[in-house]
Amino acid sequence: MSDDLAWLTATQASRAFAARKLSPTELVRALLARIERLDPKLNAFIRLDAETALAAAATAEAEIAAGRHRGPLHGVPVGIKDIIDVVGLPTTCHSKVMPNTPATADAVVVGKLRQAGAVIMGKLSTHEFAIGGPSFDLPWPPARNPWNRDHHPGGSSSGSGVGLGAGFFPLALGTDTGGSVRNPASACGIVGLKPTYGLVSRRGVFPLAFSLDHVGPMTRDVADNALLLDAIAGHDPHDPGSAASSSRDFARGLERGVRGLRIGYVRHFHEQDMPAHPEVAAGLDAVARTLAGEGAILSDITLPSLGEFAAVNRVILNAEAWTIHAPWLRERPGDYGQLARRRLMPGAFLTAGDLLAAQRRRAEMIAAVDAALEEVDVLLCASSMDPASRIEDADETARTYPRQARAPFNTTGHPALAMMAGLSRDGLPLSVQFVARHFADATLFQVARAWERASGVDRLHPDLS
C-alpha cells in the first residue's frame, strides 16, 4: 500500500480525503513504512518525527470528518529542511556547531503550514549551514540521489529533493541562496521554486546571506508547487527583507497554456559562458521546441555573462555569511566540516570596497534582467550544466557543482523555477529553468505546467524496489 500511495500529489491526496477514499492517518502510516524501508539507504531525514506526525494526521482526519476543512493542504504530509525551525525539534543545520536544543517556536513558514492543516513529518538533511556539502565528516551522512544512490542529490536542500524524489512526502520546504532549492530539483527530477525575493518570510530560518536568502516550495508537480506557495507567501513585518505584496492564487493561470506568450531563450549561458554537457543542451533545446509547438513565441535573449553573475553572487554571499559565522569560525573552527569551513573562510578576506563594487554591479544586473523581461514574459535557461556526479567522487563534484545558472537570480531577486527536462542515457534527471518578472511567480507556473503537460515529466519516478 505504501508504494501505491507514495506518488500521490498533495492535490490528489486532498481530493481523496474529501471523497473519504483515503484518510490522512492511512497516508502518513503508509509513508512512514516506506521511509523506514528505504531511507536508511538515502538519508533524507535527520529526524523523523513519526509520533507527532501521526497525532497531527489523526487531528486532521477528525476535523475533515467533522466538516472543518482548512483547505487543499489539510492532512497532507510535508518535510522541512533542517535550517528551518520546528517547535520541539532541534535545528541542527546538519552541523556539530549547533546546540542540540529544541526550537521554542515555529518558523513563520512552518506556522503557516500548520494553520493550513499540513502534517509535519520531520527535519530533512541539508548541506552544513546550507553551504558545505555533500560532506562525509558531519554528524549525519549526506543524502543520496533517489535515481541512483551513488550520485549526489544536489543541495543544499538535499533531503527535501531526495524525500520528494523517493516518494516519502508530496511537499517540502527548502531554502535558496545561490540555487539551493533549484539544485536538488534539477538533480532529483522534481519541481523547485525560488520565489520572488521577499515574497516568503525567512523569520525562524537560520540565515546564510541575508540579501540573497529565500525560502521556496519543493514538490513533485507544478500544481502542488503553486498550492504550497499560496500557503507560505505573505508579508511579514518582522522580516526586514519581506515585501508588502498582495500576490496570491498562484495557480490561477495553470492551465492557460503558452500560446502567444513570449519566451526568451538565454542560450549563451550554456552554449558560450559555461558549455553544458551535450545531453543537458539537447534537453534544453527540446523544451524550447516543445513550448514553441504549444504556441509560445521564442526569441534569443542576452544577459550579463554567467562569470559576472557568479562573481557578484560569491562576493555578497561570502561577505554576508562571514558576518554570521565569524565568531564560531574563530573560536571553534574544528567543529565545522571541511567543506563548510573552506567555503565560509574567504569572507574573512573581503574588503568593504569589494562588497560595494559587487553591490553596484548587482544593481546593473537587476536592471539588465528587468529590461530583458520587458521584451519577453519569461526566460528559459539552464539550471545545472551536468547531470549529478557520483557522490564519492570529490573532484568531479567540485568541478561540476559550480557549473550552474541559478545564482544569477538570487543576485537579482527574480522568481526562478527548476524542473526536469528529461532523463540522461544513464537514467539521471536533466533540468530546465524558467525565470519571470518580480512577483510574476504565477506566470512561471503557467509555463512550467505547459511543459509538464506536454512532456509528462511529472509521471517519471525512480525505481526504488
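The values are calculated or read from the model by the stated rules, or taken from the named source; none is laboratory data. The structure displayed is predicted, hence computed values, not measured ones. All Cβ positions, glycine included, derive from the backbone under ideal geometry; neighbour counts span all protein chains shown. Calculation scope for accessible area: heavy atoms of the full protein, side chains included, ligands and nucleic acids excluded. Shrake-Rupley method; radii C 1.70, N 1.55, O 1.52, S 1.80 Å.
Arrange the peptides 135-143, 178-186 so that the one whose residues have, on average, the most other Cβ atoms within 10 Å appears first. Intermediate results must be reported in sequence, preceding the final value.
Numbers: 135-143: 19.2, 178-186: 32.8.
Most protected by this proxy first, the peptides run 178-186, 135-143.
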Going by amide H atoms built from the backbone, whose H comes under 5 Å of the H on LEU298, apart from near neighbours?
ILE263
Can you run phi through the Karplus equation (6.51, -1.76, 1.60; θ = phi - 60°) for the range 139-148 and list ³J(HN,Hα) in whole Hz, with x for Gly and Pro?
x, 10, x, x, 5, 10, 5, x, 6, 6
So who's got an amide H within less than 5 Å of the one on GLY174, skipping anything under 5 residues away but keeping other chains? H placed 1.01 Å off N, in plane.
GLY216, MET218
Of the GluC sites (Glu not before Pro) in the range 298-402, those whose Cβ has at most 14 other Cβ within 10 Å and which sit in DSSP loop:
GLU392
Taking log10 I(q)/I(0) by the Debye sum over Cα atoms at q = 0.08, 0.10, 0.13, 0.14 Å⁻¹ straight from the coordinates, which label in (i) -0.64, -0.83, -1.16, -1.27; (ii) -0.40, -0.65, -1.15, -1.36; (iii) -0.48, -0.75, -1.19, -1.32 is the correct one?
(ii)
Pop out the ³J(HN,Hα) list for the range 341-357 in order, Karplus 6.51 cos²θ - 1.76 cosθ + 1.60 with θ = phi - 60°, rounded to Hz; leave Gly and Pro as x.
4, 5, 7, 8, 4, x, x, 5, 10, 7, 9, 4, x, 4, 5, 5, 5
Sort the following peptides by mean Cβ neighbour count (other Cβ atoms within 10 Å, averaged over residues), highest first: 426-433, 377-384, 40-47.
377-384, 426-433, 40-47
I'd like the distance separating the alpha-carbon centroids of the range 98-176 and the range 369-397, in whole Å.
21 Å
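Express the relative contact order of the range 325-411 as a whole percentage, based on alpha carbon pairs under 8 Å and six or more residues apart in sequence. Mind dumping the intermediate values first?
Working: 30 pairs, mean separation 17.8, N = 87.
Taking the mean separation of contacting Cα pairs over the length of the range 325-411, I get 20 percent.
Considering only protein heavy atoms and a 1.4 Å probe, what is the carbon-and-sulfur percentage of the accessible area of the chain?
On the way: 8750 of 17010 Å².
Heavy-atom surface of the chain belonging to carbon and sulfur, 1.4 Å probe: 51 percent.
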Please identify the trypsin sites (Lys or Arg not before Pro) of the range 397-465 that satisfy two criteria: DSSP loop assignment and at most 15 other Cβ atoms within 10 Å. Which are they?
ARG425
Relative contact order, percent, the range 186-229 [alpha-carbon distance under 8 Å, six or more residues apart]
47 percent
Which of the lysines could be linked to LYS96 by a straight reach, that is with a Cα gap under 19 Å, when you skip same-chain ones fewer than 8 residues away?
LYS81, LYS123
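With every protein chain kept in place and ligands, DNA and RNA left out, what is the accessible area per residue of the range 122-183? Probe 1.4 Å, answer in Å². Walk me through the numbers before you get to the answer.
Details: 970 Å² over 62 residues.
Spelled out: the 1.4 Å probe surface of the range 122-183, per residue, equals 16 Å².
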Quick check: from the Cα gyration tensor, does the range 340-448 come out rounded (a/c under 1.5), prolate or oblate?
oblate
Once normalised by the length of the chain, the mean sequence separation of its alpha carbon contacts under 8 Å that are 6 or more apart gives a contact order in percent of 17 percent
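Classify the range 142-185 as rounded, prolate or oblate from the Cα gyration tensor: take a ≥ b ≥ c as the square roots of its eigenvalues, call it rounded if a/c is under 1.5, otherwise prolate when a/b beats b/c and oblate if not.
Working: a/c = 2.41, a/b = 1.21, b/c = 1.99.
Oblate, because a/c is 1.5 or more while a/b does not exceed b/c.
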Per-residue HN-Hα couplings for the range 315-323, Karplus 6.51 cos²θ - 1.76 cosθ + 1.60 at θ = phi - 60°, whole Hz, x for Gly and Pro?
5, 5, 4, 5, 5, 5, 5, 4, 5
